[in-house]
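To keep things clear, I will list the structure first and then write my remarks on it.
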Amino acid sequence: MFTLFTLTCFADRKPAEQNFSSAEENTAFVAPATDFEEEEEEFSSAINSSRRQLLFRSLSREEVADSEHHLLECPELRASFLSRLTYTWFDALARTGYRKKLELADLWQLRPEDKARYVGAQFARAWEGQKVRRSSTGSSSTPETAKPSALWALCRCFLPFYLYASTFQLASVLLSFVYPQLLAVFIDFVATPTAPSWHGYAVAVALLGLGCLHSVCFVYYLRLTLTIGQRVRNSLITAIYRKSLKLSPAARVGCSSGQITNLMSVDAADFVDLMTDVDLIWSAPLQVLLTLYFLWQELGPSVLAGVAVILALLPVNWLASKWSVKWETEQMETKDRRINLIQETLGGIKIIKLFGIERSFIERISEIRNRETSVLRKIALMAAVTSTTWSVAPFMVAFATFGTYIFSSPEHVLDAKKAFVSLTLLELLRFPMAAIPQMINQYVVSMVSIRRLNRYLNAAELAGYVSYQFGDGGGGGENIITLEGASFTWGKAEAAVEKDKDDEEEDGDEGEEGDGRDDGDKVPLITAAEEGDQSSSESSPESSPPLVLKNINLKIKRGSLVAIVGEVATGKSSLLSAILGDMELVEGSVRVNFGSSSSSSKSSTTIGYVAQQAWIRNASLRENILFDAKYDLVRYNKIVRI
């Protein structure tokens with residue numbers, strides 16, 4: 001047992017034991033994308049299985065290469081205690097990068113608990129649980145508090161890991177205040193000629209060990225917080241993408257592709273920087289209080305002069321945070337409008353060039369860009385003023401403290417011990433004072449991002465009215481698609497995602513992108529005799545939106561080829577969207593029966609749909625053709641020739 005413990009602690013990797021894993025364990029992480037509860041359970045068991053496997057087995061480079069993504073297993077999973085402590089498991093990649101340019105095959109896979117599939121399932125479970133709890137108390141809550149919050153869901157997922165990382169920050173802060181005490185002991189040793197020499201050596205060794213321990217704690221804290229930031233980012237991006245697939249037609253009107261892109265690329269990424277600064281909320285005041293306490297021990301009530309300087313700077317923080325919130329919100333809204341307009345311009349560039357209207361679009365984009373630049377200039381100016389103020393704050397505190405101490409009494413003399421120890425303590429005050437502006441800025445940006453994420457994630461979703469059946473029961477076995485008395489609408493043409501009151505007028509013409517339908521989809525599929533009913537529906541209040549498809553009765557037999565023929569703008573695409581479940585069902589029913597073959601199941605039965613608008617995945621040509629199907633050379637060559 002002692003030998004195993006020693007090898008585990010001091011070996012470069014954990015002890016090896018052959019013939020332990022099986023083929024099933026090696027593919028434990030290739031789990032199907034199921035519901036988020038099942039995903040989390042599968043990943044939990046997969047993580048434990050892989051760690052048991054890697055604890056006793058040392059894999060070669062070829063063995064750990066992932067067959068699907070051609071990436072190596074992360075060596076941290078099988079690293080020893082000291083290897084994790086000193087990060088020697090990273091040396092191989094550093095040496096490879098020094099010798100040659102790094103390629104994709106040289107990189108490692110993410111650890112299972114860092115992958116988006118796992119953290120996304122965690123966040124989805126926390127979000128749904130919060131939705132259930134708040135809906136049960138919704139009658140006694142305001143509309144805002146009854147809605148789930150992304151912040152609380154993130155806390156439920158990652159707060160325990162964050163508290164674990166905060167212990168290292170706490171240890172780092174406390175260790176930094178041991179250094180001035182050891183410095184005072186060393187100065188006393190130098191001032192005492194009769195002191196034994198081993199006292200000096202002991203203090204010197206203690207100073208060296210203290211510096212090493214402080215560095216280990218601080219670096220490990222940074223590594224953990226950055227890991228949390230990446231997990232938060234991955235979970236938010238996964239939640240945003242999943243939400244985009246479930247938005248109702250009315251919600252799509254208020255969520256342009258530019259806004260969704262901004263949420264993924266900007267708002268979610270802000271949390272990576274926030275995680276390294278969020279500890280300053282408690283660590284910065286703690287450092288200031290400890291510094292003032294130890295300075296009181298050295299200089300007495302003269303420290304109150306430094307406290308007065310700090311209190312005088314607090315209004316600067318308040319004004320900076322107030323203006324920053326306003327400007328950050330304005331900047332993000334302006335960026336949404338700019339990206340949306342650029343995407344619309346690029347999407348219709350052919351028409352724009354044919355009609356020769358490039359100049360008007362250039363002027364519109366430039367106008368929005370100039371407005372965004374003006375806001376960015378204000379933010380940068382505020383950041384510069386705040387940073388300068390807090391950068392000189394430690395000097396102002398030291399000047400006020402030492403000046404008050406010297407001139408308050410003729411008996412106050414700065415000897416070597418008081419001077420060096422006090423200067424060391426004041427130097428410790430420099431970091432929290434300089435980090436306060438950064439903390440305020442990150443806090444403001446994150447709060448703006450949280451509000452935007454909450455509005456988006458709480459937007460209306462598709463009702464899920466399509467009934468998927470498996471089997472021949474119910475008398476509908478011969479029909480694969482059945483619509484009975486079904487009426488559909490695209491919903492109210494209004495934004496489901498609320499905007500701030502002061503931005504509503506400016507954003508009024510930015511939600512024109514809609515849900516990707518052409519104008520023909522907006523004309524109801526009804527006969528001429530029914531147009532009177534339709535006109536009355538259009539004149540009804542907003543609570544009764546006009547019907548696009550009315551009283552549809554349709555049965556499509558299994559194995560049949562059906563073509564829907566009609567003029568432009570008669571609702572052909574809307575009918576397909578209704579079958580897919582992308583519209584709002586007003587009345588009637590929609591059933592899709594997949595049959596009762598032995599292989600029929602929800603995980604193996606799919607529906608194919610080729611939309612009018614062409615699109616391509618961000619992948620290779622082969623991956624776009626295969627679309628995650630198994631590669632068959634003969635079939636692939638046949639498809640390419642076609």
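The values are calculated or read from the model by the stated rules, or taken from the named source; none is laboratory data. Bear in mind that the values here come from a model prediction, so they are computed numbers and not experimental data. Neighbour counts run over all protein chains shown; Cβ positions are idealised from the backbone, glycine included. Just so you know, the surface numbers come from the protein's heavy atoms only, side chains and all, with ligands and any DNA or RNA stripped out. Shrake-Rupley method; radii C 1.70, N 1.55, O 1.52, S 1.80 Å.
Observations
- Look at (1) touching a Gly at 6+ places or on another chain (Cβ under 7 Å); (2) open to solvent by less than 30 Å² (accessible area, probe 1.4 Å) and you find that Gln343 fails only one, number (2).
- Given (1) at pLDDT below 90; (2) open to solvent by 40 Å² or more (accessible area, probe 1.4 Å), number of the condition Ala195 does not satisfy: (2)
- Checking each residue in segment 256-303 for being within 20 Å of Leu163 (Cα to Cα) and small (Gly, Ala, Ser) picks out Ser283, Ala284.
- Checking every residue in segment 232-252 against the condition of being buried (at least 16 other Cβ atoms within 10 Å of the Cβ), assigned to a loop (DSSP other than H, G, I, E, B) and in contact (Cβ under 8 Å) with a residue 40 or more places away in the chain gives at least one match.
- Scanning segment 168-205 for residues that are assigned to a loop (DSSP other than H, G, I, E, B) and closer than 19 Å to Trp296 by Cβ yields a single hit, Phe177.
- Summed over segment 386-416, the residues that are surrounded by fewer than 18 Cβ atoms within 10 Å (Cβ to Cβ) and farther than 19 Å from Leu292 by Cβ give a count of 11.
- Helices (runs of 4 or more DSSP H) enclosed by segment 528-642 - at least 2 residues per element that are closer than 20 Å to Pro249 by Cβ and at pLDDT below 80: 531-538
- Residue in segment 178-185 that is modelled with pLDDT under 90, open to solvent by 30 Å² or more (accessible area, probe 1.4 Å), within 27 Å of Val278 (Cβ to Cβ) and β-branched (Val, Ile, Thr) present: no
- Boolean, Ser374 is under 30 Å from Phe431 (Cβ atoms) and surrounded by 12 or more Cβ atoms within 10 Å (Cβ to Cβ): no
- Test for Tyr456: is it assigned to a helix (DSSP H, G or I) and in contact with a His (Cβ under 7 Å, 6 or more places away or on another chain): no
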